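K.L.:
Pasting a structure below so you can have a look.
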Amino acid sequence: MKTSFLLFLLTGATAAFGQGLINFGNNFSGEFRAPIYGPDPANPTLSLSGQSSIGTPPGSTAYGGPLLQGTQYIMALYAGPASVTDPALLTLVTMETFRTAAGNVLPAGLVLTMPDLEIPGVPTGFPAKLEVRVWDVLSGGDFASATVRGRSGLFLSQLLGPYPSGPFTTPDSTGWTSFNIFVVPEPRTPALAVLGVALLLIFRHRPRLWSPQRFALTLYRNELLSQVASNTGRHSFFDHQRGNGVSE
């Protein structure tokens, strides 16, 4: 009942105020900059996040990988209502490739800003739950299937705009930090070995018939064979070696 009422309020707010808008990117002059980095060549499975020295505001996180450049890499914005706590429930809003540079310098690591993007299911004047995801398209067609990828983690936007009578304007997608993409580790051999041992123990400890049970079943089957013999005039017995009835 309470959930239905909240959904009704949200639907009514969306209809009254319109779909909320946001400016998406990772570089807003003088306000925010969060470059994205490639895998660390010395440790490709290492996942890092945090502002580097060229971020705004600057930080102390040192990335071993280069700044991402070109169409091989995709940055995507996923969004949903502020109540969302499971990233799987967010909706893909937009995707963009990376800018290029003559070397490992800015504007590499950045994407062009996309203004006034509608956030599904979130009206103006309300915050949205967001996540930035990046992947190498050579490793997979989307984020879920890619084996080289990274993500910002969930964060909350400012109040979405534009509000019909003010005071809200369209906010920028700030509130997160730089991160790198990395090679998603495959299941390790020790883990597979442990699983194999566990399965072996399960099969070895399956319930088996006790000897008395097996003996009783043998007697019962022999009795059935004897009845058949009396009706057919043929002598039958149970062959314990072959496990079947034999007639002579």
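Rule-based calculations on the coordinates, nothing more; no lab input. Just so it is clear, the structure is predicted and the values come from calculations on it, not from any experiment. Cβ coordinates were reconstructed from backbone atoms using ideal geometry, including for glycine residues, and neighbour counts include every protein chain displayed.
K.L.:
Using modelled backbone amide H atoms (1.01 Å from N, in-plane), which distant-in-sequence or interchain residues come within less than 5 Å of Val184's amide H?
P.N.:
Val148, Arg149
K.L.:
What residues qualify as long-range amide H neighbours of Asp40, i.e. H under 5 Å apart, gap of 5 or more or another chain, H built at 1.01 Å from N?
P.N.:
Leu46, Gly65
K.L.:
Taking the simple approach of a point 7 Å from Cα along Cα-to-Cβ for both Leu156 and Met114, what is their distance in nm?
P.N.:
2.5 nm
K.L.:
Within 15 Å, Cβ to Cβ, of Val137, how many net charges do the neighbouring residues add up to if Lys/Arg are +1 and Asp/Glu are -1?
P.N.:
It works out to a net charge of -1.
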